[in-house]
Amino acid sequence: MAEYDGITDFLKAAPRRLGDARELLEPPSYNPRGSDASYRNLRAAMYLAGYVVECILKAYIISRVKGAQTLRAASAAMRQQGIDASGLSSTKGHNIPVLLSLTDLEAVQLPEDIKTSLGICSKWKSTWRYSPDPARPEDARAFVTSAEKIFEFVKNRI
């Protein structure tokens, strides 16, 4: 079994990463007067907020597969049903549009704010961890807020 593959793992990790992302939106405590203090941690906040969405979507996917408690089991059951769910525990599993496509959420009448939030968070890339480009404060706040809305909406459907 893969480490951190279970529904409970994802349901525990998501709110923790959300807390981390919110904290990174705050002014930094390290060198708070530095020339980059106004944007230093914002890309990291967005990066972690993307994992919030990834975790809650993975938990949702698992919850929709009868008898599955892990992403690996859900993926195998989906493949048996003819659904291409391969690679969810690898790079493909970091792609929010791919994860979303494996849910029934696109078929649900979503509230406008959730549609907007999904549009914002669908731009997330796990490779942001390498990005030297700073994020704008308004973009970072919108991204973290969007991740929070998605988390609450999806969590309430599990």
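Computed values, structure above
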quantity: Selection count where residues are farther than 15 Å from A135 by Cβ and out of contact with any Ser or Thr (no Cβ under 9 Å at 6 or more places or on another chain), scope region 24-57; calculated: 10
quantity: L105 being closer than 23 Å to I7 by Cβ, at pLDDT 90 or above and surrounded by 18 or more Cβ atoms within 10 Å (Cβ to Cβ); calculated: yes
quantity: Some residue of region 55-67 being surrounded by fewer than 18 Cβ atoms within 10 Å (Cβ to Cβ), among the aromatic types (F, W, Y) and touching a Lys or Arg at 6+ places or on another chain (Cβ under 7 Å); calculated: no
quantity: All positions within region 106-158 that are of a type in the set (K, R) and over 13 Å from V52 (Cα atoms); calculated: K115, K123, R129, R136, R141, R157
quantity: Residue in region 30-38 that is touching a helix residue (DSSP H, G or I) at 6+ places or on another chain (Cβ under 9 Å) and at pLDDT below 95 present; calculated: yes
quantity: Filter result for A135 (surrounded by 16 or more Cβ atoms within 10 Å (Cβ to Cβ), touching a helix residue (DSSP H, G or I) at 6+ places or on another chain (Cβ under 6 Å) and under 19 Å from R16 (Cα atoms)); calculated: no
quantity: Enumerated helices (runs of 4 or more DSSP H) restricted to region 26-145, each holding at least 3 residues that are in contact (Cβ under 8 Å) with a residue 60 or more places away in the chain and among the hydrophobic types (A, V, I, L, M, F, W, C); calculated: 42-63
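The rows are residues; the columns are (1) surrounded by fewer than 19 Cβ atoms within 10 Å (Cβ to Cβ); (2) among the hydrophobic types (A, V, I, L, M, F, W, C).
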site	(1), (2)
I7	no, yes
A13	yes, yes
L88	no, yes
H94	yes, no
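The values are calculated or read from the model by the stated rules, or taken from the named source; none is laboratory data. Just so it is clear, the structure is predicted and the values come from calculations on it, not from any experiment. Note that each Cβ is placed from the backbone with ideal geometry, even for glycine, and that neighbours are counted across all protein chains shown.
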